[in-house]
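Have a look at the structure below before the remarks.
Any read-out appearing in this document is the output of simple, stated calculations on the displayed coordinates, not a laboratory observation. As the structure is a prediction and not an experimental result, all values here were calculated from the model. Positions of Cβ are backbone-derived with ideal geometry, glycine not excepted, and every protein chain shown enters the neighbour counts.
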């Protein structure tokens, strides 16, 4: 979970809308609402932000019908996230540096988006990154190392 939101469990009456379809960005460590994909593609090389695999390729087709029920974005996510995990080093210090690098890169990319006028909403932005950095620092502190992110 990116973050816990207890409001999701409140008994609310009224219309419940389905979630917007999203694509996972390995660079941002985040699912991005498909509505942002066009502005992102106008300012960045999409292959630098989204893992290029067969399922990503399927979503690029002009006739692709974006819907949160479609399997391709989820399959893309599983392949992309597995690559992140498979690239993780074995040694603790190297593993820490690897995750720290991913988080710093995600934070820098989010800052770059803002500088280019792409303001992602709360569900697509990098609000979770500082929390993850804090947890990473606390974990390293528990392990007896005092160098932080």
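Subtract the Cα-Cα distance of residue 134 and residue 38 from 0.36 nm times their separation in residues, and report this length gain in nm to one decimal.
31.4 nm
Arranged by the count of other C-beta atoms within 10 angstrom, fewest first, what order do 51, 33, 62 take?
Result, fewest neighbours first: 62, 33, 51.
At R0 = 25 Å, how high is the FRET efficiency between residue 57 and residue 97 if r is their beta carbon distance? Nearest 0.05 is fine. Working shown, then result.
Numbers: r = 32 Å, r/R0 = 1.27.
After rounding to 0.05, the efficiency reads 0.20.
Quick one: if the Förster radius is 25 Å, what FRET efficiency do residue 142 and residue 85 give, using the C-beta to C-beta distance and rounding to 0.05?
Step by step, r from the Cβ atoms, then E = 0.70.
Only Cα pairs within less than 10 Å get springs; with that Gaussian network setup on the chain, which residue of 40, 32, 129 has the largest fluctuation?
Of 40, 32, 129, the most mobile in the Gaussian network model is 40.
Under a point spin-label approximation (7 Å from Cα along Cα-to-Cβ), what is the residue 75-residue 127 distance to one decimal in nm?
Going from the residue 75 label point to the residue 127 one covers 3.3 nm.
Neighbour counts of other C-beta atoms within 10 Å: give me 139, 24 arranged from fewest to most.
Details: 139 12, 24 21.
Ranked by crowding around the Cβ, least crowded first: 139, 24.
Would you calculate the separation in nanometres between label points at residue 17 and residue 48, each defined as 7 Å from the Cα along the Cα-to-beta-carbon direction?
In this crude spin-label approximation the distance works out to 3.2 nm.
Kindly express, to the nearest 10 degrees and within the range 0 to 90, the angle between helix 92-115's C-alpha long axis and the longest C-alpha principal axis of the chain.
Relative to the chain, helix 92-115 is tipped by roughly 40 degrees.
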